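Report on the following structure.
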Amino acid sequence: MGVRFGFKNRRKNQTATQQESSQTSRKHIPLGERLTEVVLNYFPLSYITWGGPQASIAVMLNLFVVKKKWISEEMFAELYAISNALPGPPASQLAFTIALIRGGVLPAVVSFLVWSLPGAIVMGTIGYFVGTVGTTTLPPWVTYMGHSLAAVGVALVAFATKQLAGKLMFDKTTCTIAALTVMLVVNFTSVAWLIPSILVSAGLFTYGEHFLPGCIARFKERRTRNSGPFLVSEVVVVVEDAVPQFQEHLDAIEMQDPVTVPAVNTTNEETSDLNIYFSYSTRTGIFLIAVYIGVLVLSIVLRQLNLNLAANIFSQFYFVGAIIFGGGSVVVPLLYSYVVSSTGWLTSSEFLMGVAVINAIPGPNFNFAAYCGALAFRGTGWSSLAGATLAWVAIHLPGLVLKAGVLPFWRNYRDLQLVKPIFKGLNSVAVGLMFSAVYLLWQKAVSIPGGGAENLGVHPGWVAMMVAAFTALEVWRVPSSLVVLAGGVVGGLAYFLFGRV
């Protein structure tokens, strides 16, 4: 028995040493190399993430989990679930978090700028010109490219969903939670508190499922032990009979050939998940959460005081970013009530023009705030730039600050046996959200004049594009960036060859 326990200790020490060496090796990488790595990997995302936040999630899963192996599927699902449970843009929070884990705080900030800033510049510039020359319609060929890329986006999400489900749906509980998530989300999409409520409920259920049977068994054992007399003599007899048999078993083990120690598992779960680079403490996390709450209170006060337009823009967009759940699909209708109905900063036609543009370009949907800010502060080029910057920073700031504040707690407690069962439920919800995204994108994939959207199934040509894209990803393993590029080319050709699809 001593040999066996010693073997376990050696394995434990070996694993601990590998964890320390893995983390140490990452932390000694120069800052310049970490920044370069982040820029090179995040720069293409600004130009290939068509199809909204769900498609962005799919692209990140393929890049950072499947190809680069920066993190495992389990960690990706955990971070995605947490991002959906917090206010703000889930895709931007996830991109920021992966860079924070991989490279540290400064590379994470740079990753967000590289990921989001190009689209924000485009939206702010268009907002300035719309405020100067008035609303116009998008060229038809751009609309066709947008339709084709939306079909590719559905394929990307379906492909990522298949990959994630294959890893995380492994028993009746996970499959049932994912199915219930789909049923609720597709029927109650507009309910802001739905996703956080599902996440909490799923985590509590899997926690109870893991620990409750053991608690019940111990309770029954305690009742049985206390319900009758305890016959020591019978126990002694049983033990005396068992000792010779156990000794024979040990002798047989010693006569066997030496056991070959298997190589330590080097899958991405055991390697990538060790490289959590950021090192700030839970105190810093508490401070960041306090900053999020403090600025939220300040924004509410500033909205009531109505000091000047700049303060109103910052406070209005920070407030929206701090209370919004559901990501980019929710931010556009919510902003309508704040920048059109209540303040009159934009007209309805200007707002719908922005909706058409944000759905025709890649990048986060929260970049729509830059367009609204430029129009809210219209006048000169500098004022539009100031308005776009204030709105863009304000709407992203609360979600990123809150996510950065939560991460130290996640890092410290995710490996505890008391916490792991909770992530089983959260991961199942994440898979359900991905399945829901496939349906929701399918339902509103094709934009129509006036700001509405149609079902992808109404347009067989775009359905064929989606099937071709999924086949290229799943069967031929074509990189997602090339699939997106091909989708844009097909959309342009469809317009010039047929004029309609």
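The values are calculated or read from the model by the stated rules, or taken from the named source; none is laboratory data. Quick caveat: nothing in here was measured; it's all calculated off a predicted structure. So basically every Cβ, Gly included, is an ideal-geometry build from the backbone, and we count neighbours across all protein chains shown.
Brief remarks follow.
- Selection within the range 320-331 - aliphatic (A, V, I, L, M) and modelled with pLDDT of 70 or more: Val320, Ala322, Ile323, Ile324, Val331
- Matching residues, the range 84-94, being small (Gly, Ala, Ser) and either closer than 15 Å to Ser46 by Cα or not in a helix (DSSP H, G or I) (or both): Gly88, Ala91, Ser92
- Of all residues in the range 355-381, exactly one satisfies the criterion of being closer than 20 Å to Glu454 by Cβ, of a type in the set (Gly, Ala, Ser) and not in a loop (DSSP other than H, G, I, E, B), namely Ala356.
- The condition of being farther than 25 Å from Leu440 by Cβ, surrounded by fewer than 23 Cβ atoms within 10 Å (Cβ to Cβ) and under 20 Å from the mean Cα position of the chain (by Cα) holds for only one of Gly405, Gly381, Gly344, that being Gly405.
- Residue within the range 489-500 that is under 17 Å from Gly52 (Cα atoms) and surrounded by 13 or more Cβ atoms within 10 Å (Cβ to Cβ) present: no
- Ala494 vs. criteria under 26 Å from Lys67 (Cβ atoms) and in contact (Cβ under 8 Å) with a residue 24 or more places away in the chain: no
- Among the residues of the range 90-124, the ones that are touching a Ser or Thr at 6+ places or on another chain (Cβ under 8 Å) and closer than 15 Å to Pro398 by Cα come to 8 in all.
- Screening Gly450, Gly354, Gly387 for residues that are more than 16 Å from the chain's Cα centre (by Cα), surrounded by 24 or more Cβ atoms within 10 Å (Cβ to Cβ), at pLDDT below 90 and more than 30 Å from Met183 (Cβ to Cβ) leaves exactly one candidate, Gly354.
- Scanning the range 393-408 finds one or more residues that are outside any loop (DSSP other than H, G, I, E, B) and more than 19 Å from Ile324 (Cβ to Cβ).
- Helices (runs of 4 or more DSSP H) completely within the range 95-203 that count 3 or more residues being within 30 Å of Gly379 (Cα to Cα) and among the aromatic types (Phe, Trp, Tyr): 105-133
- Some residue of the range 167-187 being over 27 Å from Phe368 (Cα atoms), crowded, with 24+ Cβ neighbours inside 10 Å and hydroxyl-bearing (Ser, Thr, Tyr): yes
- A search for C-beta distances below 7 Å between a residue of the range 470-483 that is farther than 17 Å from Ser148 by Cα and hydrophobic (A, V, I, L, M, F, W, C) and any residue that is at pLDDT 90 or above and surrounded by 12 or more Cβ atoms within 10 Å (Cβ to Cβ), counting only pairs 6+ apart in sequence or on different chains, returns Val478/Ala472.
- Test set (1) of a type outside the set (D, E, K, R); (2) modelled with pLDDT of 90 or more; (3) buried (at least 21 other Cβ atoms within 10 Å of the Cβ); (4) within 15 Å of the chain's Cα centre (by Cα) - Leu63 fails condition number: (3)
- Residue check, Ser428 crowded, with 17+ Cβ neighbours inside 10 Å, at pLDDT 85 or above and among the polar types (S, T, N, Q): yes
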